[in-house]
Structures are given as C-alpha cells and as structure tokens.
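Each remark here refers to the structure printed beneath this line.
The values are calculated or read from the model by the stated rules, or taken from the named source; none is laboratory data. Just so you know, these numbers come straight off a predicted model, no measurement behind them. Positions of Cβ are generated from backbone atoms using ideal geometry, with glycine treated the same way; all protein chains shown enter the neighbour counts.
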Amino acid sequence: MTGYWNNTAATLETLRDGWLRTGDMGYFDERHNVYLVDRKKDMIISGGENIYSLEVEQALAEHVAVAQVAVIGVPDEKWGESVRAIIVTKPGAKVSEDELSNHCVNMIASYKRPRSYAFATELPAMPSGKIDKKALRELYGKN
C-alpha cells in the first residue's frame with residue numbers, strides 16, 4: 001500500500017516507519033497463533049481498565065432475543081467511560097435491560113458489563129457491511 005487516494009492525513013496516520021498500522025489489537029498464544037481482540041479505536045477504558053468491545057458484544061449476542069448488538073464507550077464522570085450497549089432485538093422478541101444485565105453476570109467481569117442500554121430497529125452500517133461505530137458514537141455516545 002502506498003497511501004490513501006487524496007487523503008494525506010490518513011496516509012500519514014496509517015503508514016509509519018515502513019509499517020501499516022491497522023489499529024487492530026491482538027495477541028499470540030504459546031503456539032504462535034494470532035488472535036485479534038478488537039480495534040484500538042473501539043476499546044473502552046473504564047476506571048483504568050481496558051474493555052474490548054468485541055468481548056461484550058459476543059456475550060450479549062448469545063442472548064436469545066438479540067439479533068444485533070454493538071457497544072460503545074460513553075462519558076462517565078466517575079469512571080472516565082462506561083459501556084453502553086445498542087441492541088436490535090429479533091422480530092417479535094422483547095427483552096429488558098435487567099434481563100440483558102443478568103445474562104452477562106456469569107459471562108464477563110462486572111466492570112465490563114454495560115451500564116446503559118439503547119434499543120434500535122437497526123444498526124448503521126458502512127458500505128462494507130460492518131457496523132459503523134463512528135455513527136453509533138454520534139447517535140448514542142452522549143450521556
């Protein structure tokens with residue numbers, strides 16, 4: 001890759017010192033397998049703890065009533081950021097915030113659980129089909 005077409009700022013941010021900096025975060029296990037855990041820009045920092053949005057989304061997605069889910073960080077006076085989940089339910093399904101919170105109790109640590117929820121009929125998507133987290137932050141990112 002030599003750069004972004006007509007976008008010098010993005011090129012300078014992404015291509016540095018001969019490396020392509022994707023913003024993906026991951027780790028290697030003892031067998032040298034690579035695991036991607038999140039995008040750096042989607043990580044939520046709450047009370048000094050790193051919360052990977054993908055982990056929270058995977059836990060919530062296992063609920064029988066959830067069709068789609070995305071989580072974002074929202075400003076929090078005490079913790080810096082807190083987790084907000086945006087939920088799209090399956091047709092005809094109903095679920096409460098309490099049900100979703102209880103669902104997560106044995107799946108993720110308490111500091112990773114959403115402190116607030118929003119319900120939507122659909123999640124904004126980019127042309128690639130991926131959920132548009134930037135649009136979600138604009139729509140749901142205020143307290």
#### Entry: From I44, I72, residue being touching a Leu at 6+ places or on another chain (Cβ under 7 Å), surrounded by 14 or more Cβ atoms within 10 Å (Cβ to Cβ) and within 21 Å of Y111 (Cβ to Cβ)
I72
### Query
Out of all the residues in region 47-62, which are of a type in the set (S, T, N, Q) and modelled with pLDDT of 95 or more?
Q58
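Residues are listed down the side, and each one gets a yes or a no for (1) aliphatic (A, V, I, L, M); (2) farther than 27 Å from L123 by Cβ; (3) in contact with a Pro (Cβ under 8 Å, 6 or more places away or on another chain); (4) surrounded by 15 or more Cβ atoms within 10 Å (Cβ to Cβ):
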residue	(1), (2), (3), (4)
G3	no, yes, no, no
Y35	no, no, no, no
E55	no, no, no, yes
T89	no, no, no, yes
### Query
Based on what the data block shows, is E97 more than 17 Å from the chain's Cα centre (by Cα), within 22 Å of L139 (Cα to Cα) and surrounded by 12 or more Cβ atoms within 10 Å (Cβ to Cβ)?
yes
### Task
Among what's in region 1-46 and is among the hydroxyl-bearing types (S, T, Y) and not in a loop (DSSP other than H, G, I, E, B), pick the residue that is modelled with the lowest pLDDT.
Y27
### Message
All but one of (1) surrounded by fewer than 16 Cβ atoms within 10 Å (Cβ to Cβ); (2) modelled with pLDDT of 95 or more; (3) farther than 21 Å from A125 by Cβ hold for I108; state the number of the condition that does not hold.
### Response
(1)
#### Entry: Out of E55, E62, E81, E97, sole residue that is over 28 Å from R21 (Cβ atoms), outside the structural domain of R21 (by the TED database), touching a strand residue (DSSP E or B) at 6+ places or on another chain (Cβ under 9 Å) and not aliphatic (A, V, I, L, M)
E97
#### Entry: Pick from region 120-142, criterion surrounded by fewer than 13 Cβ atoms within 10 Å (Cβ to Cβ) and in contact with a strand residue (DSSP E or B) (Cβ under 9 Å, 6 or more places away or on another chain), ranking: farthest from G92 (Cα to Cα)
K142
